[in-house]
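The block underneath contains the structure these notes are about, expressed in structure tokens.
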Amino acid sequence: MEGQFRTQRGAPLRIGGLPDTKAGVTHYALEIPKGLSILAYNRPDAEVLGLEAFPASDRPPVPVVHVAFQVMVGCGMAMAAVALWGAVVAWRTRKLPDSKAFLLALTIVSQLGMVAIVAGWTVTEVGRQPCIVKGVMRTAEAVTPVPGLWISLVAYSTLYLLLGVVTATLLGSLFRASPRPGEIVADAAGGGAH
Amino acid sequence: MPMTAAEAVAAVMLVALVVYALFGGADYGAGMWDLLARGPRAAAQRELIAQAIGPVWEANYVWLIIVIVLLFTGFPAAFAAVMTTLHVPLSLMLIGVVLRGSAFTFRSYDNSEVGRRRWNRVFSISSVVTPILLGAVIGAIATGEPGRAAAAGGPVPLLATWLGPFPLAVGLFALNTFAFVAAVYLTLEAPDPALSEDFRARALAAAVTLGGLAWVVYHLSRTEAPLVSHGLAASP
């Protein structure tokens, strides 16, 4: 998850980066010295077991897990940053922030919650490979003997694709049916004539 | 009487399944009465059904999830046998659950009359099919076929364990039970006497057919599910 291949004292916390499984190093990461040791054991010089302590057959696909984890944390940080921005503006101007830049940022980060969920799920599911129950059962032992599973896969995918299309269509029609800003003002000025 | 841990877990599963049948089952039954809405008050019947199940029906799945999680953690061998040999009815049931829930939600957001009627159709048909599959799964487990097929090894049978007279009879029995429970609840929920009378008549009719189906299931169980049959015959 942290792209830590070697067992070492005072292990750094890596932000970003791309683990190279063959060479056993994580490239291009921003390293915070001793960060990982503090995070894991609350001591800057604590020893952190690296991936090298485990046989290669017991390791998960490191790059997938590391990148997914960075994406999840990054999404959380981005959302927190925009929230903080909004709070500071609201506190300084005493009204809800409505600048174009802020609203644009809000539109973008509001998608990130879903991205973070999927990325976090990838971390747990890929991260526990090659086991399906850690230390008890391997994924290879848990594969179902049921034949024709591609039918299930196609059926579920089609079902969810259709449901997604319907949801988008209905949301679209609700959006078009909602009043424009001008109409709301006109209605209020009419003083409840209808 | 002291209970083993396994019996205690099984007892909790049984309680959860019964609670699901009483609460969640009533939602399916209400969906069936939606499909069968007839007479001068058909529209009022449908509206009452939508109002009655609206606030609670999602929460009722908690009971089914408890049963499945306990089966998985408490009895993994049985879980494997059930999930593989009954893969087809369980998958179809899951699709029914998903379609039912989404159609129920889409119905209240669709602005066109045609669209609303279409979602209503999807909702009520899946409300009828899903309990039959749930009952068929339970009926199939009662026959012992899934366990025997899993123990025998070899290719997993996809249809043989549940497409028989006994599982399907239990399926119809489950649907009828849910319909009866729903009609009783709706009789009490109805805001005016005429509507209440509609559902009272339906509850009585469902009770009569339920009695008939119970008789059929019991007689089929003698040859198809002897374990259950002996248990029923020996109970005081």
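I'm trying to understand the selection: among the residues of region A:154-166, which are open to solvent by 60 Å² or more (accessible area, probe 1.4 Å) and within 11 Å of another protein chain (Cβ to nearest Cβ)?
A:156, A:158, A:160, A:162
Residues of region A:30-42 being of a type outside the set (Gly, Ala, Ser) and either more than 28 Å from the chain's Cα centre (by Cα) or assigned to a helix (DSSP H, G or I) (or both), which ones? Full working, then the answer.
The initial filter retains those residues of region A:30-42 that are of a type outside the set (Gly, Ala, Ser), namely A:30-34, A:36, A:38-39, A:41-42.
Result: A:36, A:38, A:39, A:41.
Of the residues B:181, B:170, which single one is among the aliphatic types (A, V, I, L, M), away from chain A (no Cβ under 14 Å) and more than 24 Å from residue B:46 (Cβ to Cβ)?
Just one listed residue meets the conditions, B:170.
Inside region B:33-49, can you point out the residues that are open to solvent by 30 Å² or more (accessible area, probe 1.4 Å) and either of a type in the set (Ser, Thr, Tyr) or under 17 Å from the mean Cα position of the chain (by Cα) (or both)?
Taking region B:33-49 first, the residues open to solvent by 30 Å² or more (accessible area, probe 1.4 Å) are B:35-36, B:38-41, B:43-44, B:46-47.
Hit for region B:33-49 is B:35, nothing else.
State which residue pairs qualify: first residue within 12 Å of residue A:62 (Cα to Cα) and inside region A:9-33, second residue in a strand (DSSP E or B) and charged (D, E, K, R) in any location, beta carbons under 6 Å apart, and separation of 6 or more residues or different chains.
Sorted first by the residue in region A:9-33, then by its partner, the pairs are A:26/A:14.
Name the helices (runs of 4 or more DSSP H) wholly inside region B:122-236 in which the number of residues that are buried (at least 17 other Cβ atoms within 10 Å of the Cβ) is 3 or more.
Values: elements: B:145-152, B:165-189, B:193-224, B:226-234.
Qualifying helices (runs of 4 or more DSSP H): B:145-152, B:165-189, B:193-224.
Take residue A:96 and decide whether it is under 30 Å from residue A:139 (Cβ atoms) and either without any contact (Cβ under 8 Å) to a residue 40 or more places away in the chain or of a type outside the set (D, E, K, R) (or both).
No: the conditions fail for residue A:96.
Return the residues of region A:127-170 that are in contact with a Phe, Trp or Tyr (Cβ under 9 Å, 6 or more places away or on another chain) and either part of a loop (DSSP other than H, G, I, E, B) or polar (S, T, N, Q) (or both); say none if nothing qualifies. Steps first, answer last, please.
Going residue by residue through region A:127-170, those that are in contact with a Phe, Trp or Tyr (Cβ under 9 Å, 6 or more places away or on another chain) are A:127, A:163, A:166-167, A:170.
Passing the criteria: only A:167.
Looking only at residues that are crowded, with 16+ Cβ neighbours inside 10 Å and part of a helix (DSSP H, G or I) in region B:51-60, which one is farthest from the other protein chains (Cβ to nearest Cβ)? Lay out the reasoning, then the answer.
Looking only at region B:51-60, we keep the residues that are crowded, with 16+ Cβ neighbours inside 10 Å, and these are B:52-53, B:57, B:60.
Remaining after also requiring part of a helix (DSSP H, G or I): B:52-53.
On the way: B:52: 24, B:53: 20 Å.
Going through the qualifying residues, I end up with B:52.
I'd like the full set of residues that are of a type outside the set (Lys, Arg), away from chain B (no Cβ under 12 Å) and surrounded by 10 or more Cβ atoms within 10 Å (Cβ to Cβ), limited to region A:121-153.
From region A:121-153, those of a type outside the set (Lys, Arg) are A:121-127, A:129-133, A:135-137, A:139-153; that's our starting set.
The next check asks that each one be away from chain B (no Cβ under 12 Å); those that pass are A:121-127, A:129-131, A:135, A:139-140, A:150.
The answer is A:121, A:122, A:123, A:124, A:125, A:126, A:127, A:129, A:130, A:131, A:139.
Please work out which residue is nearest to residue A:121 (Cα to Cα), limiting yourself to region A:41-66 and to residues that are open to solvent by 60 Å² or more (accessible area, probe 1.4 Å) and of a type in the set (A, V, I, L, M).
A:64
Which residues, counting only those in region B:67-88, are open to solvent by 50 Å² or more (accessible area, probe 1.4 Å) and within 16 Å of the chain's Cα centre (by Cα)?
Of everything in region B:67-88, just one residue is open to solvent by 50 Å² or more (accessible area, probe 1.4 Å) and within 16 Å of the chain's Cα centre (by Cα), namely B:68.
Would you mind telling me which numbered condition in (1) closer than 29 Å to residue A:112 by Cβ; (2) part of a helix (DSSP H, G or I); (3) at pLDDT below 85 residue A:11 fails?
For residue A:11, the exception is condition (2).
Which of the numbered conditions does residue A:118 fail, given that it passes all the others? Conditions: (1) touching a residue at least 40 places away in the same chain (Cβ under 8 Å); (2) under 14 Å from the mean Cα position of the chain (by Cα).
Of the numbered conditions (1) touching a residue at least 40 places away in the same chain (Cβ under 8 Å); (2) under 14 Å from the mean Cα position of the chain (by Cα), the odd one out for residue A:118 is (1).
Filter region B:92-107 down to residues that are open to solvent by 20 Å² or more (accessible area, probe 1.4 Å) and within 17 Å of residue B:163 (Cβ to Cβ), then give me how many there are.
Looking only at that region, the number is 1.
So which of B:23, B:72 is farther than 30 Å from residue A:142 by Cα and among the aromatic types (Phe, Trp, Tyr)?
B:23
The values are calculated or read from the model by the stated rules, or taken from the named source; none is laboratory data. From a predicted model like this one, the values you see are computed outputs, not experimental measurements. Virtual Cβ from ideal backbone geometry, glycine too; neighbours counted across all protein chains shown. Only protein heavy atoms, including side chains, enter the accessible area calculation; ligands, DNA and RNA are left aside. Shrake-Rupley method; radii C 1.70, N 1.55, O 1.52, S 1.80 Å.
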